[in-house]
Amino acid sequence: MIKWIVMVGDFVVLNGVLMAFSYWHWRMAAWDKGMLNVFVLVNNIALMLSQLRFSTIIHLRLVGAGDVLQRLVGLTTLQVLLSYLLLNIFAYDTPIGWLLLEIGTVFVTILLVKRLGERWFIKLYREAGRNTRMVTLVGSDPELAGVFRKLKYDPTLGYRMLGYYGEEELQQLIDDLNVHENRKDKEPVRLKRLGSMEELVAAIDAEEKLEMGDELYLCISRKEKEVIRKISRYCDQHVVRFYYVPVSVETLGLNLKREMLDDMEVFTTYENPLQNSVNRAIKRMFDIGFSILALIPTAIMFPFIWLIIKIQSPGPILFKQVRTGLDGKEFKCYKFRSMHVNKDADRVQATKNDPRKYPFGNFMRKANIDELPQFFNVLQGRMSVVGPRPHMLAHTEQYSQLIDKYMVRHFVKPGVTGWAQVTGYRGETKELWQMEGRVRRDIWYIEHWSIWLDIRIIWLTFKSIFVHDEHAY
């Protein structure tokens, strides 16, 4: 239902845009009724065909904003191209290329706002307990606590927890996860224990009717093949979607790609996407274009920033710090100076009530304004707009000894913003697990890079300017 409502809404938007252009655009205002009808009909046919290729996925649960944006751009681009081709087939001799481009630009802009509103509505709808799926967890491994976090704390997914079969320590793992995720201020989530693994298997063997909900996530050792088969078979017979999650000690720690060897499924390691020269060229062109756009408002604001810094904190305007970059090489990172000049700048992280900060510097840090000079680093080719945040040399030396795969984050250029920063791992790292979480997200970004992921991260960063991040200090 959600899918069809969204698609019908797209046609309403398109025809609204076409009607507005027919009244106010100088070219279309001069057309006769027959010409206008053909133009509107062809645009609607083009959108119908485009929907077959890029139909909305906003209703799906496990889908990100980047995927929605990618399909939206594909939808409108194909619609414009098909309209142009079809109108030329109909011997439509009126110049329409630039007109269709203008219509397409307005159309995609309105659809983008529409999709944001639709995602917001679906979130509220599912938060209210509608359009939900009930989930049962089976097992007691720490990986299952991670599954619980992903499904429970994203309201747009619309999952509800029926309970779990396993040992009682799973609840403690979830409680520990809440602490690590900074959820101390929220009401503890109690997961109902439905029974032990032995009780579940016995009930299946006795062909008892069990309440499993809509989906089941099983996390036990692969050695328990017979148990896995029994539970999987039970799910198939009772129309419950079955998922197997490898236990933590059996997780390979490799990024694997699924391939088919004739009719046999095999997995292979694959390259980091940015090892591909075409992808690197795309990212570099995007970096240059975006940096030039970002430096224009920076240049306009510079005199005001310079004046306020000079009044509140004597010293240089720019803060230059040597940090670790691509392939572990050092480079000078630029920022607007947000602290008084001090001898600990290269050793000690900023804290929440750091006495080194002055008032305007504190504001710049919260609003990300202090990071703007780093776009000069991007133009120099030493940084990227999106990537793992560069750390001071003292932290690189410290954490490379404490965290496995820490240096992997330097296989790509560091970024002005990054996936870790927009997913809750920004700011001071008081404990080791915080830096470990940041590194995991940096490596995930490297393995899953796409230009759409970069655009999504930039959007989330921009949004944080208006929605204050409690870790931004």
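A compact table of results
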item: Share of pairwise Cα separations in region 1-94, more than 19 Å, in percent; result: 46 percent
item: Order by protection proxy (mean Cβ within 10 Å, highest first), peptides 28-39, 401-412; result: 401-412, 28-39
item: Dipole in debye (nearest 20) - region 1-117, about Cα centre, beta carbon charges: Lys, Arg +1; Asp, Glu -1; result: 360 debye
item: Centroid-to-centroid separation of region 358-374 and region 64-84 [C-alpha atoms, Å]; result: 36 Å
item: Dipole of the chain, positive end: most advanced residue of 11, 355, 52 [Cβ charges, Cα centre]; result: 355
item: Positive dipole terminus of the chain, leading residue within 414, 242, 452 (C-beta point charges); result: 414
item: Selection from 377, 392, 432 lying farthest towards where the dipole of region 350-448 points positive, charges on Cβ; result: 377
item: Global geometry of region 273-349, whether rounded, prolate or oblate, following the gyration tensor of its Cα atoms and the 1.5 cut on a/c; result: oblate
item: Estimated FRET transfer efficiency (residue 77, residue 279; beta-carbon r; R0 25 Å; 0.05); result: 0.80
item: Two-decimal Rg/Rh across the chain, once Rg and the Kirkwood Rh are taken from alpha-carbon atoms; result: 1.02
item: Ranked by how many other beta carbons lie within 10 Å on average, peptides 5-18, 443-456 from highest; result: 443-456, 5-18
item: Packing rank of 310-318, 213-221, 383-391, where each peptide gets the mean count of other beta carbons within 10 Å, highest leading; result: 383-391, 213-221, 310-318
item: Of the DSSP H helices in the chain, those whose Cα atoms cover at least 20 Å axially and whose Kyte score averages 0.5 or more; result: 2-24, 33-54, 65-89, 97-127, 277-312, 451-466
item: Estimated inter-spin distance, residue 38 and residue 298, nm [label 7 Å along Cα→Cβ]; result: 5.1 nm
item: Among beta bridges that DSSP assigns inside the chain, antiparallel share in %, nearest 5; result: 45 percent
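Taken together, the values in this text are just the output of simple stated rules run on the coordinates, not laboratory data. Bear in mind that the values here come from a model prediction, so they are computed numbers and not experimental data. For neighbour counting, all protein chains shown are included, and Cβ atoms are generated from backbone atoms with ideal geometry for every residue, glycine included.
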